[in-house]
Amino acid sequence: MPSTSVDHPTTPAAETAEPAVRRLRSNPWLTLLAVAFGLFMVQLDGSVVAIANPEIGSDLHASTAQLQWVTNSYLLALAATLILGGKLGDRFGRRTYYLVGVAGFTLASVAIGLAGSIEGVVAFRALQGAFGGLLMPNTLGLLRSVFPPKKFGMAVGIWAMVSAVATALGPIVGGLLVESVNWESVFYINAPIGVIAIVFGIVVLPESRNAAGRERFDIPGLVLLALGLLAVVFGVVKGETWGWTSAGTLGSVAAGLVLLLVFGWFETRVEHPLLPMRLFRNRALTIGAIITALNFFVMLGVIFFVMLYLQNVRGFTPVEAGVRTLPLSLASLVASPLGAALTQRFGPRLTMPLGMLLQAASCFGMLTWQTDSSYATMWPPFIALGLGVGMVMAASSDAIVGNAPVRDGGVAGGLQATTLQIGGALGTSVLVSLISSKVGSTLTGELTGAGVPSAVAHGLLEAKDAVAMGVAPVSGDMPAGLRAAVVEGSGQAFMNGVHVAVIVTGVLCVLGAALAAVGIRRGADQPAGH
């Protein structure tokens, strides 16, 4: 029935413009391009900041503990808000909350550069993480609402490619900006990207939301989930410094797990849950969440110690180190759409195990690395890791979001992003802890084996934390021969730790491949209905 409203008079120009706008906002590929800008900004920021941290600490006279909170405050805020962001988008508008997230993330990034103090940087990093929690899940929620099931897998593959490439490009971009401009530019770079994302998003993104009616918002569930995630992630990120068996670490993680269990119990008894437990009845979705966490455990954990190896052990600049990891980025570029195509054809039952086995091969290949290894031994593991990560990311994202009903697309996106962040935090913390432990147990022996006098070697044990970062504890007044021996022994102790880390990671990848192959039944991984 024609509208009788007189608020929008019909003119020839309006008649032409309105269908044009509708065509723009009904094109799923333009939606994918629009959300790619916001996704690229968040993922680039996640890895670029690691390069800037030393300069931030030096310029703002920050202690090591304060510098850790530049990363930790972001992780905690992000983890606490991802599922909330997806739920808000599902209920009130995915386009709206995506754009709010982009705008807030952009403004917080500029504020970090202008802060002028470490306290300001930490505070605005937390705000940045909170807005990232609004942005991230609604990228997948928007894709789930506009792409038909047959094309959704390919869309997720491209989404995964953008995410993987942005993460891998972070060290290169960060190195160039820190070396050529200043550390603030690492955050200012988000301003032009954010402006493009907002303008383009306003023009092409369609609004989508659930017909929620008068359903009540699950405030108790929100509080339980946020507190549980905060406690778990806090315990994980502090485990490295407190010790994994310390009362603080165990207490924090245990408290978080109890809160999450209470949250799960509560969600089965509330009429309109924040995170519908019925989603986990789908086995492919549940296994996809586990494999997503493992995938980012491997990727972020391995990239972290690889950059330490390239910069601190091999002596490459941040830019040189970033360039040497380009095979990883290029492999991810190929693997994400390939993984999506394979998943669309054969389902995640094939693609997930294949990607996990490629990552296992990469980790076991790193066992050949030594302090003086040639680049010929490095690039094959980089390619295998990039291929594996890209394939798994496409398959697991499709398994999670593609198996959720459209009405829960944002929540499923939040679940995927939450498991991703927790896996990444665990990967960095656990692998650094493993390296530190092995360095502590082998440093004295490696130093004496390299020719360092026993008394000096025992004294240098106090520097094991520096050695665990790949830094040799040498000083300018050391004789040249002793300095060379300390560098050799310290480098070997660090490699001992790396070898333990890659063995553990490789075994976890094999177990993940087995879980995906056995756990996802043939024909049971079809997308849920709209």
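The values are calculated or read from the model by the stated rules, or taken from the named source; none is laboratory data. Note that this is a predicted model, so its numbers are computed, not measured. Reconstructed Cβ throughout: ideal geometry from the backbone, glycine too, with neighbour counts over all protein chains shown. Ligands, DNA and RNA are excluded from the accessible area calculation, which covers all protein heavy atoms including side chains. Shrake-Rupley method; radii C 1.70, N 1.55, O 1.52, S 1.80 Å.
Restrict the check to the range 395-408 and report whether at least one residue is closer than 30 Å to Ser490 by Cβ and part of a helix (DSSP H, G or I). Within the range 395-408, none of the residues are closer than 30 Å to Ser490 by Cβ and part of a helix (DSSP H, G or I). Annotation note: of Gly476, Gly459, Gly440, Gly449, the sole residue that is open to solvent by less than 50 Å² (accessible area, probe 1.4 Å) and over 38 Å from the mean Cα position of the chain (by Cα) is Gly459. Of all residues in the range 119-132, none satisfies being part of a helix (DSSP H, G or I), farther than 17 Å from Ser73 by Cα and at pLDDT 90 or above.
So, Ala231, is that one modelled with pLDDT of 80 or more, buried (at least 18 other Cβ atoms within 10 Å of the Cβ) and over 30 Å from Val334 (Cα atoms) or not? Explain how you work it out, then say what you get.
Values: modelled with pLDDT of 80 or more: yes; buried (at least 18 other Cβ atoms within 10 Å of the Cβ): yes; over 30 Å from Val334 (Cα atoms): yes.
Yes, satisfied.
Selection of the range 275-326 for residues being closer than 30 Å to Phe494 by Cβ and not in a helix (DSSP H, G or I) yields Arg314, Gly315, Phe316, Thr317, Thr325.
Scanning the range 407-417 for residues that are open to solvent by 10 Å² or more (accessible area, probe 1.4 Å) and at pLDDT 75 or above turns up just one, Leu415. Restrict the check to the range 359-373 and report whether at least one residue is touching a His at 6+ places or on another chain (Cβ under 9 Å), under 19 Å from Thr505 (Cα atoms) and open to solvent by 60 Å² or more (accessible area, probe 1.4 Å). Within the range 359-373, one or more residues are touching a His at 6+ places or on another chain (Cβ under 9 Å), under 19 Å from Thr505 (Cα atoms) and open to solvent by 60 Å² or more (accessible area, probe 1.4 Å). Of the numbered criteria (1) closer than 20 Å to Tyr74 by Cβ; (2) surrounded by fewer than 17 Cβ atoms within 10 Å (Cβ to Cβ), the one Gly239 fails is (2). Of the residues making up the range 174-190, one or more are in a helix (DSSP H, G or I), out of contact with any His (no Cβ under 7 Å at 6 or more places or on another chain), of a type in the set (Phe, Trp, Tyr) and open to solvent by less than 60 Å² (accessible area, probe 1.4 Å).
Exactly one residue among Gly129, Gly93, Gly170 is out of contact with any Leu (no Cβ under 7 Å at 6 or more places or on another chain), in contact (Cβ under 8 Å) with a residue 24 or more places away in the chain and open to solvent by less than 10 Å² (accessible area, probe 1.4 Å), and that residue is Gly93.
Let's see how each residue does on (1) small (Gly, Ala, Ser); (2) within 30 Å of Ser180 (Cα to Cα); (3) open to solvent by less than 40 Å² (accessible area, probe 1.4 Å); (4) free of Cβ contacts under 8 Å to residues at least 24 places away in the same chain:
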{"position": "Gly256", "(1), (2), (3), (4)": "yes, no, yes, no"}
{"position": "Met277", "(1), (2), (3), (4)": "no, no, no, yes"}
{"position": "Phe280", "(1), (2), (3), (4)": "no, no, no, yes"}
{"position": "Phe297", "(1), (2), (3), (4)": "no, no, yes, no"}
{"position": "Asn312", "(1), (2), (3), (4)": "no, yes, no, no"}
{"position": "Ser329", "(1), (2), (3), (4)": "yes, yes, yes, no"}
{"position": "Ser332", "(1), (2), (3), (4)": "yes, yes, yes, no"}
{"position": "Met356", "(1), (2), (3), (4)": "no, no, yes, no"}
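So which of Glu207, Glu271 ends up being without any contact (Cβ under 8 Å) to a residue 60 or more places away in the chain and not in a helix (DSSP H, G or I)?
That would be Glu271, the only listed residue that is without any contact (Cβ under 8 Å) to a residue 60 or more places away in the chain and not in a helix (DSSP H, G or I).
Quick grid of which residues meet (1) crowded, with 24+ Cβ neighbours inside 10 Å; (2) over 19 Å from Ser332 (Cβ atoms); (3) not small (Gly, Ala, Ser):
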site: Ala394; (1), (2), (3): yes, no, no
site: Pro405; (1), (2), (3): no, yes, yes
site: Ile422; (1), (2), (3): no, yes, yes
site: Val430; (1), (2), (3): no, yes, yes
site: Ser433; (1), (2), (3): no, yes, no
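Every condition in (1) among the small types (Gly, Ala, Ser); (2) at pLDDT 90 or above; (3) open to solvent by 10 Å² or more (accessible area, probe 1.4 Å) holds for Gly213 except the one numbered (2). Among the helices (runs of 4 or more DSSP H) confined to the range 418-530, there are none with at least 1 residues that are among the basic types (Lys, Arg) and on the phi > 0 side of the Ramachandran plot.
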